[in-house]
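Data first, discussion second: the structure below is written as structure tokens.
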Protein chains: 4
Amino acid sequence: MDAILTLLCKDQPGIVHSMTTAVLACAGNIIENQQFTDPTTGLFVMRTRIETSESLAKTTKILSEGLSHLNPTLEIRESATKKRALVLVTKESHCLRDLLYLQELGELPVEIPLVLSNHEYLRELVESHGIPFRLLPSGKSEAETAIRQAIVEHQVDVIVLARYMQILSEGFCAAYPGKIINIHHSFLPGFKGAKPYHQAHDRGVKVIGATAHFVTADLDEGPIIEQDVAHVTHSATPEDLVSLGRDIERRVLSRAVKLFAEDRIFIAGDRTIIF
Amino acid sequence: MDAILTLLCKDQPGIVHSMTTAVLACAGNIIENQQFTDPTTGLFVMRTRIETSESLAKTTKILSEGLSHLNPTLEIRESATKKRALVLVTKESHCLRDLLYLQELGELPVEIPLVLSNHEYLRELVESHGIPFRLLPSGKSEAETAIRQAIVEHQVDVIVLARYMQILSEGFCAAYPGKIINIHHSFLPGFKGAKPYHQAHDRGVKVIGATAHFVTADLDEGPIIEQDVAHVTHSATPEDLVSLGRDIERRVLSRAVKLFAEDRIFIAGDRTIIF
Amino acid sequence: MDAILTLLCKDQPGIVHSMTTAVLACAGNIIENQQFTDPTTGLFVMRTRIETSESLAKTTKILSEGLSHLNPTLEIRESATKKRALVLVTKESHCLRDLLYLQELGELPVEIPLVLSNHEYLRELVESHGIPFRLLPSGKSEAETAIRQAIVEHQVDVIVLARYMQILSEGFCAAYPGKIINIHHSFLPGFKGAKPYHQAHDRGVKVIGATAHFVTADLDEGPIIEQDVAHVTHSATPEDLVSLGRDIERRVLSRAVKLFAEDRIFIAGDRTIIF
Amino acid sequence: MDAILTLLCKDQPGIVHSMTTAVLACAGNIIENQQFTDPTTGLFVMRTRIETSESLAKTTKILSEGLSHLNPTLEIRESATKKRALVLVTKESHCLRDLLYLQELGELPVEIPLVLSNHEYLRELVESHGIPFRLLPSGKSEAETAIRQAIVEHQVDVIVLARYMQILSEGFCAAYPGKIINIHHSFLPGFKGAKPYHQAHDRGVKVIGATAHFVTADLDEGPIIEQDVAHVTHSATPEDLVSLGRDIERRVLSRAVKLFAEDRIFIAGDRTIIF
């Protein structure tokens, strides 16, 4: 079995030693190992990939016992088991298309059991990929209830807001910490309000970008997962910026979902640690 | 004579035709020509490089008369005449060093007749390059008077704030529109207040950048000239970010000064057009 | 009518003046204008967008007559008329998918009347987008005859090799100069032979890229249209490089086709000039 | 004491466990740890930063004994001990200036005990920074003897070819494996022969770059340490490319030297692993 272990705990002496002792106890061989101590929070995080002839259940038992004195957040899964992503969209298709394309190509190791939307607009596109599409009911509360049901029904690991143009309630966000990924445009300097690409154009920015981040209840923009930018010139129209922005958004969101799918993201306070 | 013409006027039919007619009238040959109509302001801008056997005075006369019906802002200079840059610094040397280095190498076609500072800290560095260094008097008003005198005394074309850590008064800024270039850090998202690199670290940004812009009296950050960014990871300490930021700042400021020195920047409202 | 004029001729005095005179003669207003003199070949190229109330036929007549003394290569088309792109593929879908996606989104102003392939593999994908798919016959000569027929039949403006894994004959390439666009991977340093991404991995490159270029009969790689790169680390497997390479290839090819579709590419010797 | 341990050995089970056991044995605390198994060579490399109250001598003894069964290449040094870099130059100053600037600023943790050159050209610059400058004798053999003497005399850790325009003999290269860092330009595609920037211009490349690499006796270009690129357009003259190339070269070489100075580079066959 090839397995991914992720561990997060308070930094303290002997963590790596405890991990390697436990891995040896299940006759495991470490294939990859990355670790980091976050200076801001004092948290230690580690991602370890092992090979072992033991079962997942036995490996989990040995590791949990061997590391319990660290009081860690510990997760162990078989590498072959794909995470399940619920995708929420509205009308814009660029992010959704990239997720579907990369997932079909085998580059994005997730299953997409369902796409939810507050519009019928993208039903045909989704269903043409053999993936169920479901229209959300009107009303924020009704919609969120439907999303929660879908999460349970499909044992969803991550909720991907692929240009879902509704603000989720604080209660909803708080219920899924570190499980909701959003994408939005980013500028130097930032702009508030409507039509941000037009504002960016009117200020003559030379760089535009996009940020994929976790959604949190109390932060305007939660822990940042991935960012990218492109250079632009004065000759770009607002429409050019929108078009280029779409290109950046789809890439950044896909990369963030891939990082999640491979257990490469850790949250330490307001920051992420990415392996 | 090789000359650079820059023209800015309200967009209207026949501008290029008028320019080419006037250039033919002084037996000039167009070597380079770039033009742009800014959709936000309706301004037309053009940068033309010509060769002519006429003198600068005669060329200026013919072009001014031939284009006067456009009511333009028109500038003509010999390409060989370098712009004169007054550099203001405080204690940090990275931007100053890059300007001095590129100017010595011949890549930055400016003369630096004087460096002013509110600290003695960089005197030795400046003087070792054979450039006069002058300490500004205490007091914002006294300092600005001294800067204004230096501008007149040295026929300065552009004031470069190479990490000059004093805010210039509104009156000073208003007196030199489009003539003061500043550099500062930029982040996605932006941060207010002190220690911005530490704030950026604590929010786990994945991209940091710098912006060179003109200083204006009424805008927090005037028209943007140049921006650049670098990718960073969670493993960068705040000190790493500061260090990387310095590297971006010096490159972005030097590029902005070079663009100015080559008459490649036009201001249209809050935007720049860069050729 | 909104029209795009492109002009290429030997550099000589008075070109811009002749153009603006001719544009005035058809009551045209210049919306955009870009020009460049290539120092290597001594060629002058200009792309001009005009508005005029005259018809295309009359505008073409006036401009052709007014510029005939320059002996130019002159093309005039209505901006609204889309170029027609014939796409050739084999088995890999990433470039094709991006072209289809961007064309549907309206960001790539081309018509794709037909996709040709030497394999059945991508038929379903193409037809699901409502575009005819045709299998090429076996044998290079038979295949090229079929491609030539399709070019005539569909009045094709550009042939896009979207990972078409067959080498075209010299005769075919020579018949369509500046009309065949190819995409391939690029590395620092370059690698010859099979499995280039594996070779790049074994040499530990830190940057990989892709190049879109015109295909010529006598040059290993014709005039370069567009290039882009991505940074990689030692931890990337050969498969990661292949995957990242696909991402760069699709973006670079789509950008090159868009530049062609907007008449922004001029060929001067072995170089392109891109507006 | 804050120490950096670097370990390279054949990949085998239990390496990390052995390391952590040995670190505990010297009452050390792991501050940073990075490891990687190179799939091409089967080598395991690890860079570990520890804090310990033991002396360097005792720490070295405990670790060497505790890890000896792995038959590793093991190095241990106090973080505060700077590496010593011998810099070789000819006439171009851009790389040298960046090294001097960053070293003075404290961002490049090296000592530069001496600069050697086959020209007098840069003596003044070097000596103005308080660093000894020595002219190499004529003749490749005589020059290399002088370099070898300087290496011994100044206990040099790394030889930096900062635009040193002489080819070193095979014997010299073989004597300092993994100790000689060179910088050169890189293009897509590559160009052979003289005036590479002019060749790149004539082929209309859209990207230029630079590569820092170790020098080896038998490889045209040894293991790559760092690469970077910049985008260029048709309007760049060959001189512009040369100028931009200098900017990339100085940054890439400085980064490579910094990586070396911080023990972040491992060589595995023809590749580097960079932490």
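The values are calculated or read from the model by the stated rules, or taken from the named source; none is laboratory data. What you see is a predicted model; the values in this text were computed from it and never measured. Using ideal geometry, Cβ is built from the backbone for each residue, glycine included, and neighbour counts are taken over all protein chains shown. The accessibility values were calculated without ligands, DNA or RNA, using every heavy atom of the protein model including side chains. Shrake-Rupley method; radii C 1.70, N 1.55, O 1.52, S 1.80 Å.
Overview of values
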item: Helices (runs of 4 or more DSSP H) contained entirely in the stretch B:164-275, each with at least 3 residues that are free of Cβ contacts under 8 Å to residues at least 40 places away in the same chain; result: B:196-202, B:238-261
item: Some residue of the stretch B:48-55 being open to solvent by less than 40 Å² (accessible area, probe 1.4 Å) and modelled with pLDDT of 95 or more; result: no
item: Residues within the stretch C:186-199 that are more than 10 Å from chain D (Cβ to nearest Cβ) and among the small types (Gly, Ala, Ser), tallied; result: 2
item: Selection status of D:GLN166, within 30 Å of D:SER141 (Cα to Cα) and either surrounded by fewer than 22 Cβ atoms within 10 Å (Cβ to Cβ) or of a type in the set (Phe, Trp, Tyr) (or both); result: yes
item: Residue list for the stretch D:86-111, restricted to those being open to solvent by 20 Å² or more (accessible area, probe 1.4 Å) and farther than 19 Å from B:VAL126 by Cα; result: D:LYS91, D:GLU92, D:GLY106, D:GLU107, D:PRO109, D:GLU111
item: Number of positions in the stretch C:1-28 that are within 24 Å of C:LYS83 (Cβ to Cβ) and of a type in the set (S, T, N, Q); result: 1
item: Residues of the stretch C:33-77 classified as charged (D, E, K, R) and under 19 Å from the mean Cα position of the chain (by Cα), total; result: 3
item: Residue within the stretch B:115-124 that is small (Gly, Ala, Ser), under 18 Å from B:GLU249 (Cα atoms) and in the same structural domain as B:THR216 (by TED's automatic domain parsing) present; result: no
item: Selection from the stretch B:206-246 of residues that are more than 20 Å from the chain's Cα centre (by Cα) and not hydrophobic (A, V, I, L, M, F, W, C); result: B:LYS206, B:HIS231, B:THR233, B:HIS234, B:SER235, B:THR237, B:PRO238, B:GLU239, B:ASP240, B:SER243
item: Only one of B:ILE15, B:ILE30 that is crowded, with 18+ Cβ neighbours inside 10 Å, without any contact (Cβ under 8 Å) to a residue 24 or more places away in the chain, more than 26 Å from B:GLU153 (Cα to Cα) and within 13 Å of chain C (Cβ to nearest Cβ); result: B:ILE30
item: Residue list for the stretch C:204-252, filter: facing another protein chain (nearest Cβ under 9 Å), under 17 Å from C:TYR164 (Cα atoms) and among the β-branched types (Val, Ile, Thr); result: C:THR211
item: Strands (runs of 3 or more DSSP E) contained entirely in the stretch C:36-152, each with at least 2 residues that are within 14 Å of chain A (Cβ to nearest Cβ); result: C:43-51
item: Test for D:ILE183: is it within 27 Å of B:LEU100 (Cα to Cα) and within 14 Å of chain C (Cβ to nearest Cβ); result: yes
item: All positions within the stretch A:16-31 that are modelled with pLDDT of 90 or more and within 21 Å of D:GLU32 (Cα to Cα); result: A:SER18, A:MET19, A:THR21, A:ALA22, A:VAL23
item: Residues (crowded, with 18+ Cβ neighbours inside 10 Å and either over 16 Å from C:LEU70 (Cβ atoms) or more than 7 Å from chain B (Cβ to nearest Cβ) (or both)) located in the stretch C:18-27; result: C:SER18, C:MET19, C:ALA22, C:VAL23, C:CYS26
item: Selection within the stretch D:34-46 - open to solvent by less than 10 Å² (accessible area, probe 1.4 Å) and touching a Lys or Arg at 6+ places or on another chain (Cβ under 9 Å); result: D:ASP38, D:PHE44
item: Qualifying residue in the stretch C:206-220 (condition: more than 30 Å from C:ILE267 (Cβ to Cβ), basic (Lys, Arg) and surrounded by 19 or more Cβ atoms within 10 Å (Cβ to Cβ)); result: yes
